[in-house]
Amino acid sequence: MVRGRPPGSPAARDTARRPPASKADYVHEALRQEILSGALAPGSAIGQEEIATRLGVSITPVREALRRLESDGLISYRAHHGATVSELGSDAAEELYLLRAAVEGLTARLAADRITPEQLDRLRAVHERMLDAAQRSEEPGGATSGAHALAEDSRVFHQLIADIGGPAFLAAHVASIRQNNPVPLSASLWNDPANTRRFLDAHERLLAALAAGDSAEAERLMVEHIQAGAVARTATP
């Protein structure tokens, strides 16, 4: 006879606490990953029947997942077109980078006054990971995985600064801006080695300003860094 884990064991308690993911959760996460990876490109039409068949579910959880993806800002509905993967137009992109520069510039200013040695060490550790990822991206076959790691750790780096500088309100705004305007990994600016060098240098100078407690310089560097991203995004086909 095969015996299960004792009812009081940690594994049994964890299993009891965690309900299985719903079908809508499954579809939402599957489509979210396809959008962020670029498998579903911006502007792509999303057919409910095709998704239901491909993922082995009924139409109902697909509809629920699409409503959530629309709320996430990842898809939109257009008359006579149905659901499509959201595209960031030029006007929206300009507003996005202006908003990021204003909010994240302020978080950098505040972070320079509030940062602790432990928090500075965490930021430096993320930066070191990014330097390693940049090296990997230059190795044969490492470009894609390296760029993906850089993009993710860049998000972590910026969010850590926001968490340090604006834990009460601003950090949540920074997270919301990024969550509602995600960039597919295939379109990440970190895929370009020239951008990678510029952005890592900007992070290095930001770390120096934060370590020195220079709030004005930290704000200036963050705004300049995000504006450079806007210029690079405009130049990207």
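Figures for the structure shown
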read-out: Index of the failed condition, PHE199 passing every other in (1) in contact with a Gly (Cβ under 9 Å, 6 or more places away or on another chain); (2) surrounded by fewer than 19 Cβ atoms within 10 Å (Cβ to Cβ); (3) modelled with pLDDT of 95 or more; (4) under 28 Å from LEU74 (Cα atoms); value: (2)
read-out: Evaluation of GLY38 against (1) at pLDDT 70 or above; (2) over 19 Å from the mean Cα position of the chain (by Cα) (one fails), failing number; value: (2)
read-out: Qualifying residue in region 73-80 (condition: closer than 15 Å to VAL183 by Cα and in a loop (DSSP other than H, G, I, E, B)); value: yes
read-out: Residue check, THR107 among the polar types (S, T, N, Q), out of contact with any His (no Cβ under 7 Å at 6 or more places or on another chain) and either not in a helix (DSSP H, G or I) or not assigned by TED's automatic domain parsing to the domain that holds ASN181 (or both); value: no
read-out: Qualifying residue in region 48-57 (condition: surrounded by 13 or more Cβ atoms within 10 Å (Cβ to Cβ), at pLDDT 80 or above and either at positive phi or touching a His at 6+ places or on another chain (Cβ under 7 Å) (or both)); value: no
read-out: Number of the condition not met by GLU95 [criteria: (1) surrounded by fewer than 16 Cβ atoms within 10 Å (Cβ to Cβ); (2) assigned by TED's automatic domain parsing to the domain that holds LEU207; (3) closer than 23 Å to LEU40 by Cα]; value: (3)
read-out: Inter-residue pairs, beta-carbon under 7 Å, first over 25 Å from ALA194 (Cβ atoms) and in region 210-234, second acidic (Asp, Glu), 6+ apart; value: GLY213/ASP113; SER215/ASP113
read-out: Per-region count, region 1-28, residues under 30 Å from LEU185 (Cβ atoms), at pLDDT below 90 and either among the basic types (Lys, Arg) or touching a helix residue (DSSP H, G or I) at 6+ places or on another chain (Cβ under 9 Å) (or both); value: 2
read-out: Selection count, region 58-75, where residues are surrounded by 14 or more Cβ atoms within 10 Å (Cβ to Cβ) and in contact with a helix residue (DSSP H, G or I) (Cβ under 8 Å, 6 or more places away or on another chain); value: 12
read-out: Options GLY82, GLY105: the member that is touching a residue at least 12 places away in the same chain (Cβ under 8 Å) and surrounded by fewer than 19 Cβ atoms within 10 Å (Cβ to Cβ); value: GLY82
read-out: Residue match in region 81-100 (condition: aromatic (Phe, Trp, Tyr) and closer than 26 Å to GLY229 by Cα); value: yes
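Residue-by-condition table, conditions (1) free of Cβ contacts under 8 Å to residues at least 12 places away in the same chain; (2) among the aromatic types (Phe, Trp, Tyr); (3) crowded, with 16+ Cβ neighbours inside 10 Å; (4) out of contact with any Gly (no Cβ under 7 Å at 6 or more places or on another chain):
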residue: ALA111; (1), (2), (3), (4): no, no, yes, no
residue: ALA133; (1), (2), (3), (4): no, no, yes, no
residue: PRO140; (1), (2), (3), (4): yes, no, no, yes
residue: GLY146; (1), (2), (3), (4): no, no, yes, yes
residue: ALA149; (1), (2), (3), (4): no, no, yes, yes
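The rows are residues; the columns are (1) modelled with pLDDT of 95 or more; (2) within 18 Å of the chain's Cα centre (by Cα).
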| site | (1), (2) |
| --- | --- |
| GLU128 | yes, no |
| PRO140 | no, no |
| VAL156 | yes, yes |
| SER188 | no, yes |
| LEU207 | yes, no |
| LEU210 | yes, no |
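The values are calculated or read from the model by the stated rules, or taken from the named source; none is laboratory data. Note that the structure is predicted; figures quoted are calculated from it, not measured. Note: ideal-geometry Cβ built from the backbone for every residue, glycine included; neighbour counts use all protein chains shown.
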